[in-house]
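Novice: Mind looking over this structure? Questions follow.
The values are calculated or read from the model by the stated rules, or taken from the named source; none is laboratory data. Everything numeric in this text was worked out from a predicted model, so none of it was measured. Every residue, glycine as well, gets a Cβ built from its backbone with ideal geometry; the counts of neighbours run over all protein chains shown. With ligands, DNA and RNA removed, areas are computed over all heavy atoms of the protein, side chains included. Shrake-Rupley method; radii C 1.70, N 1.55, O 1.52, S 1.80 Å.
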Number of protein chains: 2
Amino acid sequence: MKDTTTIPYKIYLEENEMPKSWYNLRADMKNKPAPLMHPGTHEAMTAADLAPVFCEELVQQELDDTTPLIEIPQEIRDFYKMYRPSPLVRAYCLEEKLQTPAKIYYKFEGNNTSGSHKLNSAIAQAYYAKKQGLKGVTTETGAGQWGTALSMACSYFGLDCKVFMVKVSYEQKPFRREVMRTYGASVTPSPSMETAIGRKILAEHPGTTGSLGCAISEAVEVATSTPGYRYVLGSVLNQVLLHQSVIGLETKAALDKYGIKPDMIIGCAGGGSNLGGLIAPFMGEKLRGEADYQIIAVEPASCPSFTRGTFAYDFCDTGMVCPLAKMYTLGSGFIPAPNHAGGLRYHGMSTTLSQLYHDGLMEARAVKQTDVFEAAEQFARVEGILPAPESAHAIKVAIDEALKCKETGEEKTIVFGLTGTGYFDLVAYQKFHDGLMDDYIPTDEELQASFAKLPKVE
Amino acid sequence: MKDTTTIPYKIYLEENEMPKSWYNLRADMKNKPAPLMHPGTHEAMTAADLAPVFCEELVQQELDDTTPLIEIPQEIRDFYKMYRPSPLVRAYCLEEKLQTPAKIYYKFEGNNTSGSHKLNSAIAQAYYAKKQGLKGVTTETGAGQWGTALSMACSYFGLDCKVFMVKVSYEQKPFRREVMRTYGASVTPSPSMETAIGRKILAEHPGTTGSLGCAISEAVEVATSTPGYRYVLGSVLNQVLLHQSVIGLETKAALDKYGIKPDMIIGCAGGGSNLGGLIAPFMGEKLRGEADYQIIAVEPASCPSFTRGTFAYDFCDTGMVCPLAKMYTLGSGFIPAPNHAGGLRYHGMSTTLSQLYHDGLMEARAVKQTDVFEAAEQFARVEGILPAPESAHAIKVAIDEALKCKETGEEKTIVFGLTGTGYFDLVAYQKFHDGLMDDYIPTDEELQASFAKLPKVE
């Protein structure tokens, strides 16, 4: 067993060591992420274009690619203190199990009732909505993690919270729905009769169980047609990555406290909110030439935006009502196989991360579903935390890298993001235990057909 | 808003401040808890009587009422570091919501995958089984919290873990079962065909959905008839209270760090493991005349062992195969109404706590189910943690006491135990939201009928 006395199992910052500002990675990028584009005019979206949909200050944050530090308002910092600082954990037991000379750390974001890092941005978005004097916000949720986080944040600030939940999840995952109800949110199965788009879809497809694209469209319609409401989103956007930088800033502060310099940083990537937040200060040092890190995005082989997608302007939603974003995408019509259990189902990727990947500043790996669940179980058994399937993508690659160190004898320091817990994903674990999970991987033909439908942009 | 800068939201001990010994409250009791009694001979149970059922060192701990401090083995302390120290949280947001001058703290034991404090004793019991060279352990579980904790502990030490899960829970709560499977435990619905008692019960009641009493009997039968196996139990026993003293010791150390002296300590009580652990060092000071605290046990009005039970020798299990214990009991045949959702369904109470209560050293309150869920929801909305229904019993009384302070203007310091999270209790929350929960309270006649069946002991 390695010495466990110098570095504790869990590094907690003191409250006065918690970040007072978010870090806006874009400010240090030489090649800025391409702007959002109006789907009709193909002009860059302005603050005025975005204002009917998003809160004013969030629009500013979305468009600001020059200010490196943006102060975290005191009210948000107070809320953060309810569940942050999150621990940076030294995975001594995993290291022992793997018999690796590597040193493995993970930043654990799951110790809050939303079960994930999503709360970091939910509270920020709710705060700015409240500050603007709004009555409420709308959003969509698939599995329910983001909806839960937002309902907690809205409850705290006394904001109305209207969640459109994909009908199949609404029916099959009643527990997340119940958590949202506990926090006073109204949860509507989508498609619904409450919106024009919902009624249209129901008329055309009476038996549909819904989709995220449809839920987004309904949430946007209600936000833009109801006075005092705006729409909020839990991933992909620049503003979300900004709020999530609190993950990376805390991680870096905890490492610095013990003089630890990581060799590699690993995070799972769906829309990119966790990865973008985790790597922010490290990537900043890399961009400024102050340090170098190997940075690895991990995505499911069934939804491989980075590793098999194309870098192009595409719709952010499958309903094609939202702006176009330049990103690595599988095409907004791409839908991963229904058997895919591990989250991270988004067809595109944050524009910021897409640009960084395009510029060779980070790498990406695609991993198979069953391998991910095997890694999840191995991790749970020694580290005592049942991980969310999303988080387990990062675990899988961290284990792979630690085993490489075992072969080479290198004592690399590996940091990965453990975004959340799997308490609401046990149907997927059950499938895995029962041998009913398979490894769908899209064919090249499927992807080419999807790319062919990308919007034509000069 | 009160000053939140002097006392942090969350007080974490450093790893080197964590307890190195458990505290054995019985050593400081003038009136010792009455010994376990053999159900046939009515003689006090000896180590030799208990050895076929329990691990050797646990038998010693069970019987030892004189040694105040028992060292926590290094291997257990290492495991504790995976999920401990648990935070002592200052409930600033709840205080603000209630507008109370009271200062409210809670010790939160839910930040681990078992979701509760049960892991504190599970790891200790698994360790001693391993040390004795055993192959495995058996146990029963109702809702699955204890079974989950034990499966995590056994997985860590490479012990076989056989859990008999009450059939109705096995079928209706597949998620807890799945967590246990993730940790490699075998989970058998009880009654089963694997044991003589199970086959007998199934022959007599073919359609039965099982009971905790039956599951205990099956687990004990397998443990005592399989070489290399012993039986372990998650509450009620002295050894369990001993292990759970880590909760109180950490709480006291965290308070001492900031010079805080609580006025009252509140905990929920089913079998008494959490309450006994939380209050241990405080009760110790009280017994030694060094300090005084108001100590309150909170139990469900539907299963009111302290407030309406009788202090007598009774069977520990409904199957009447286990030893007799002198305790506050509703009668081993008493079964709370099936609609009772909030855990804490045990008919009896720890002998140690029973003696302390009998001697007037602590008080007890019984609270109604719907009031408990109301308090749970109020707490979740401001403190961000969805509590287990069990824990919410303590929340309810903490809120009551804080509101009394609001009336009187007293700035009392209230500490309560938040034993776990409610992620696997959402069916109960749903009932509450849908107005389908009612408040069963046993009649005096029911209780008298149950008392009439107590074993006759001279």
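Novice: Could you tell me whether any residue of the range B:138-151 is modelled with pLDDT of 95 or more, more than 27 Å from B:Pro323 (Cα to Cα), among the aliphatic types (A, V, I, L, M) and part of a helix (DSSP H, G or I)?
Specialist: no
Novice: Does the range B:272-287 contain any residue that is in contact with a Lys or Arg (Cβ under 7 Å, 6 or more places away or on another chain) and acidic (Asp, Glu)?
Specialist: So far as the range B:272-287 goes, no, none of its residues is in contact with a Lys or Arg (Cβ under 7 Å, 6 or more places away or on another chain) and acidic (Asp, Glu).
Novice: B:Glu401 versus (1) modelled with pLDDT of 95 or more; (2) within 12 Å of chain A (Cβ to nearest Cβ): which is the lone unmet condition?
Specialist: So the condition that B:Glu401 fails would be (2).
Novice: Within the range B:23-44, is there a residue that is open to solvent by 10 Å² or more (accessible area, probe 1.4 Å) and closer than 30 Å to B:Leu426 by Cβ?
Specialist: The answer is no, given that none of the residues of the range B:23-44 is open to solvent by 10 Å² or more (accessible area, probe 1.4 Å) and closer than 30 Å to B:Leu426 by Cβ.
Novice: Identify, from the list A:Ala291, A:Ala280, the residue that is surrounded by 21 or more Cβ atoms within 10 Å (Cβ to Cβ) and over 22 Å from A:Leu330 (Cβ atoms).
Specialist: A:Ala280
Novice: Starting from residues that are β-branched (Val, Ile, Thr) and within 14 Å of chain B (Cβ to nearest Cβ), keep the ones in the range A:159-190 and report whichever is most open to solvent (accessible area, probe 1.4 Å).
Specialist: Step by step, filter the range A:159-190, then rank; the result is A:Val187.
Novice: Applying the selection to the range B:377-387, what residues are more than 9 Å from chain A (Cβ to nearest Cβ) and either modelled with pLDDT under 95 or open to solvent by 10 Å² or more (accessible area, probe 1.4 Å) (or both)?
Specialist: If the condition is that a residue be more than 9 Å from chain A (Cβ to nearest Cβ) and either modelled with pLDDT under 95 or open to solvent by 10 Å² or more (accessible area, probe 1.4 Å) (or both), then B:Gln378 is the only one that fits.
Novice: For the range B:60-97: of the residues being under 23 Å from B:Lys131 (Cα atoms) and within 10 Å of chain A (Cβ to nearest Cβ), which is surrounded by the fewest Cβ atoms within 10 Å (Cβ to Cβ)?
Specialist: Among them, the one singled out is B:Asp78.
Novice: Here is a further query. Return only the number of the condition from (1) closer than 24 Å to B:Ala143 by Cβ; (2) surrounded by 24 or more Cβ atoms within 10 Å (Cβ to Cβ) that B:Gly248 does not satisfy.
Specialist: (1)
Novice: A follow-up question, please. Could you check the range A:251-269 and list, in sequence order, the residues that are over 17 Å from A:Pro87 (Cα atoms) and open to solvent by less than 10 Å² (accessible area, probe 1.4 Å)?
Specialist: Residues satisfying the conditions are A:Met264, A:Cys268, A:Ala269.
Novice: Could you tell me which numbered condition B:Leu356 fails, if it satisfies all but one of (1) touching a Cys at 6+ places or on another chain (Cβ under 7 Å); (2) buried (at least 21 other Cβ atoms within 10 Å of the Cβ)?
Specialist: (1)
Novice: With the structure loaded, tell me whether B:Glu299 is buried (at least 24 other Cβ atoms within 10 Å of the Cβ) and assigned to a strand (DSSP E or B) or whether it fails that test.
Specialist: Considered against the rule, which asks whether it is buried (at least 24 other Cβ atoms within 10 Å of the Cβ) and assigned to a strand (DSSP E or B), B:Glu299 comes out as yes.
Novice: Here is a further query. Of the residues that sit in the range A:1-56 and are within 14 Å of chain B (Cβ to nearest Cβ) and among the aliphatic types (A, V, I, L, M), which one is farthest from the chain's Cα centre (by Cα)?
Specialist: A:Met1
Novice: If B:Leu436 passes every condition in (1) under 24 Å from the mean Cα position of the chain (by Cα); (2) within 14 Å of chain A (Cβ to nearest Cβ); (3) among the aliphatic types (A, V, I, L, M); (4) surrounded by fewer than 20 Cβ atoms within 10 Å (Cβ to Cβ) but one, which one does it miss?
Specialist: (1)
Novice: Going through the range B:439-458 one residue at a time, which ones are in a helix (DSSP H, G or I) and either within 14 Å of chain A (Cβ to nearest Cβ) or under 24 Å from the mean Cα position of the chain (by Cα) (or both)?
Specialist: Hits for the range B:439-458 are B:Leu447, B:Ser450, B:Phe451.
Novice: Let me ask another. Under 6 Å between Cβ atoms, at least 6 apart or on separate chains: pull out the pairs that start in the range A:46-70 with a residue that is under 14 Å from A:Met29 (Cα atoms) and end on any residue that is basic (Lys, Arg) and open to solvent by less than 40 Å² (accessible area, probe 1.4 Å).
Specialist: Partner pairs satisfying both residue conditions: A:Asp65/A:Arg26.
Novice: So, one more: Quick check on my filter: what residues within the range A:98-146 are over 23 Å from A:Gln378 (Cβ atoms), of a type in the set (Lys, Arg) and surrounded by 24 or more Cβ atoms within 10 Å (Cβ to Cβ)?
Specialist: A:Lys118
Novice: On the basis of being in contact (Cβ under 8 Å) with a residue 12 or more places away in the chain, open to solvent by less than 20 Å² (accessible area, probe 1.4 Å) and either among the hydroxyl-bearing types (Ser, Thr, Tyr) or within 20 Å of A:Leu353 (Cβ to Cβ) (or both), does A:Leu447 make the cut?
Specialist: yes
Novice: Here's a follow-up. With respect to the numbered conditions (1) more than 13 Å from every other protein chain (Cβ to nearest Cβ); (2) open to solvent by 10 Å² or more (accessible area, probe 1.4 Å); (3) among the hydroxyl-bearing types (Ser, Thr, Tyr); (4) in contact with a Gly (Cβ under 7 Å, 6 or more places away or on another chain), which one is the sole condition not fulfilled by B:Thr209?
Specialist: Just one mismatch for B:Thr209, condition (4).
Novice: Is it the case that the range A:364-374 has a residue that's closer than 28 Å to A:Ala253 by Cα and assigned by TED's automatic domain parsing to the domain that holds A:Ala280?
Specialist: Yes, because at least one residue in the range A:364-374 is closer than 28 Å to A:Ala253 by Cα and assigned by TED's automatic domain parsing to the domain that holds A:Ala280.
Novice: For the range A:129-145, what are the residues that are closer than 21 Å to A:Ser116 by Cα and in contact with a helix residue (DSSP H, G or I) (Cβ under 7 Å, 6 or more places away or on another chain)?
Specialist: Within the range A:129-145, A:Val137, A:Thr138, A:Thr139, A:Glu140, A:Thr141, A:Gly142, A:Ala143, A:Gly144 meet the criteria.
Novice: Which of the residues belonging to the range A:419-433 are of a type outside the set (A, V, I, L, M, F, W, C), open to solvent by 50 Å² or more (accessible area, probe 1.4 Å) and closer than 30 Å to A:Leu241 by Cα?
Specialist: Correct list: empty.
Novice: Residues A:Thr329, A:Thr351, A:Thr408: which one is of a type in the set (Val, Ile, Thr) and surrounded by fewer than 23 Cβ atoms within 10 Å (Cβ to Cβ)?
Specialist: A:Thr408
Novice: Can you list residue pairs whose Cβ atoms sit under 9 Å apart, with the first residue in the range B:309-322 being more than 17 Å from B:Ile201 (Cα to Cα) and the second being at pLDDT below 80 and in a loop (DSSP other than H, G, I, E, B)? Count only pairs 6 or more apart in sequence or on different chains.
Specialist: Between residues of the range B:309-322 that are more than 17 Å from B:Ile201 (Cα to Cα) and residues that are at pLDDT below 80 and in a loop (DSSP other than H, G, I, E, B), the close pairs are B:Phe315/B:Val321.
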